[in-house]
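Undergrad: Attaching a single structure in structure tokens format; questions to follow.
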Amino acid sequence: MQNWGGLISMKTESGLKTYPFKGSYLVANKTAVVSPVNMNILYLEVDNPIQISVPGFAAGEITASISNGSVSAVKKNTGEYTAKPSKKGKASVTLYAKIDGKKSKMGSVEFRVKEVPPPKAKIQLANLTPDGSLMIGKADFVNSGGVIAKLEDFDFKGVRYIITSYRLTGMYKGEQQSYDSDGGQFTKKQIGVIKNTKVGNTITISKIQAKRVDTKNTKVRQLDPLVIEIK
């Protein structure tokens, strides 16, 4: 915001009179806004970065509110905010600006609120073959320690899942055996199955469940099973 002004002097019958005047104008960089109409999505219980602006107003003069969850400024002078919805469905972000000292509503943008996508179950030391199958040696399998949950192609920091349970199935002493785990780590019985599975045979990890631990009140997610060949 730039201010300008001055004085106008006039000769009158009673002498020289002066009249002050002033004004202001906003200087801003050129901006372009492109909004993906079909992809206006916020993720549940995540700090979603958003950029806000109102033409004709400096970013520092604008405030924001949200109908679902919370919104907070990261760098208010550049219009950088984060929105964190608390429930699925929809959320409206409303912008306000001060006009003549009063807070005025300038408009709203509606977003869809979705859950964070489920992670993928992984065995850390397993190798992915060209045909898409998994292979691993017995020692590496045991040393991997267990099953982990990993988010792929999701560029939000702080989101973390852990494995809460799964079932490991394989041949043990000539018979197919299944053993459950109450966490991500291998149990002694599961390690016994891994060590006694012959090269070329497979071990299946199924009924895998994972839960977000960076926030509360999120449901357990069922993950795709893994079929791993012993090499």
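The values are calculated or read from the model by the stated rules, or taken from the named source; none is laboratory data. Not measured: the values here are computed from a predicted model. Positions of Cβ are backbone-derived with ideal geometry, glycine not excepted, and every protein chain shown enters the neighbour counts.
Undergrad: From the list A64, A97, A28, which one is crowded, with 16+ Cβ neighbours inside 10 Å, more than 17 Å from the chain's Cα centre (by Cα) and free of Cβ contacts under 8 Å to residues at least 40 places away in the same chain?
TA: That would be A64, the only listed residue that is crowded, with 16+ Cβ neighbours inside 10 Å, more than 17 Å from the chain's Cα centre (by Cα) and free of Cβ contacts under 8 Å to residues at least 40 places away in the same chain.
Undergrad: Enumerate the strands (runs of 3 or more DSSP E) found wholly within the range 26-77, keeping only those where 3 or more residues are at pLDDT 90 or above and over 18 Å from G158 (Cβ atoms).
TA: 62-66
Undergrad: How about the range 171-227: which of its residues are touching a Ser or Thr at 6+ places or on another chain (Cβ under 7 Å), polar (S, T, N, Q) and within 16 Å of V142 (Cα to Cα)?
TA: Listed by number, the residues that qualify are S181, T187, Q190, T204.
Undergrad: So which residues in the range 100-124 are surrounded by fewer than 12 Cβ atoms within 10 Å (Cβ to Cβ) and either in contact (Cβ under 8 Å) with a residue 40 or more places away in the chain or in the same structural domain as I208 (by TED's automatic domain parsing) (or both)?
TA: Result: K103, G107, E110.
Undergrad: Something else about it: In the range 125-159, what residues are more than 25 Å from Q222 (Cβ to Cβ), of a type in the set (G, A, S) and exposed (fewer than 13 other Cβ atoms within 10 Å of the Cβ)?
TA: Once the filter is applied, which keeps residues that are more than 25 Å from Q222 (Cβ to Cβ), of a type in the set (G, A, S) and exposed (fewer than 13 other Cβ atoms within 10 Å of the Cβ), the range 125-159 yields only A139.
Undergrad: State which residue pairs qualify: first residue under 20 Å from I148 (Cα atoms) and surrounded by 12 or more Cβ atoms within 10 Å (Cβ to Cβ) and inside the range 184-203, second residue polar (S, T, N, Q) and at pLDDT 95 or above in any location, beta carbons under 6 Å apart, and separation of 6 or more residues or different chains.
TA: Final answer for the pair search is T187/S181.
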